Amino acid sequence: MYLTYSDYLDFGGELPSIDFTRQEFAARKKIDSFTFNRLQGIDPVPESLKMCTLELIKRKLCGDLDGEDYTSQGSGKLSGQKEDRKNRAYEIIREYLQDLTVNGIPIFYAGNI
């Protein structure tokens with residue numbers, strides 16, 4: 001778990017525990033997919049990872065809990081697409097975790113060690 005429910009509440013989270021659990025899992029899986037699973041089991045959890053997880057949850061970038069993910073949505077001048085969520089999630093993950101290393105290896109490093 002990258003963000004505990006207690007930390008989530010401390011940061012102003014409002015989801016009930018059961019909904020938070022689902023969102024934290026989805027955010028964790030999205031982070032893992034972009035970081036080559038290098039953060040699984042990290043202890044202690046870095047503050048940047050907690051904040052990244054919080055941002056993904058608060059911005060609903062891992063999908064809606066009601067299953068109503070949209071392919072396109074518009075309201076006045078605002079519109080969005082599911083692809084926008086994926087790209088924005090990736091941008092946040094890169095921004096928050098760009099300097100993070102595990103055993104001296106940058107988490108986004110994809111070459112040979």
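Taken together, the values in this text are just the output of simple stated rules run on the coordinates, not laboratory data. Computed from a prediction, not measured in an experiment: that's the story for all the values here. Reconstructed Cβ throughout: ideal geometry from the backbone, glycine too, with neighbour counts over all protein chains shown.
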Charge tally for neighbours of L9 with beta carbon under 14 Å away, counting Lys, Arg as +1 and Asp, Glu as -1, is -3
Local electrostatic count at L39 - Lys and Arg +1, Asp and Glu -1, tallied over other residues with Cβ under 12 Å | +3
Quick note on K58, K30, ordering by fewest other C-beta atoms within 10 Å, gives K58, K30
Neighbourhood net charge (13 Å Cβ-Cβ; Lys/Arg +1, Asp/Glu -1) for L97 | -1
Distant-in-sequence amide H partners of V102 (H built 1.01 Å from N, under 5 Å) = I107
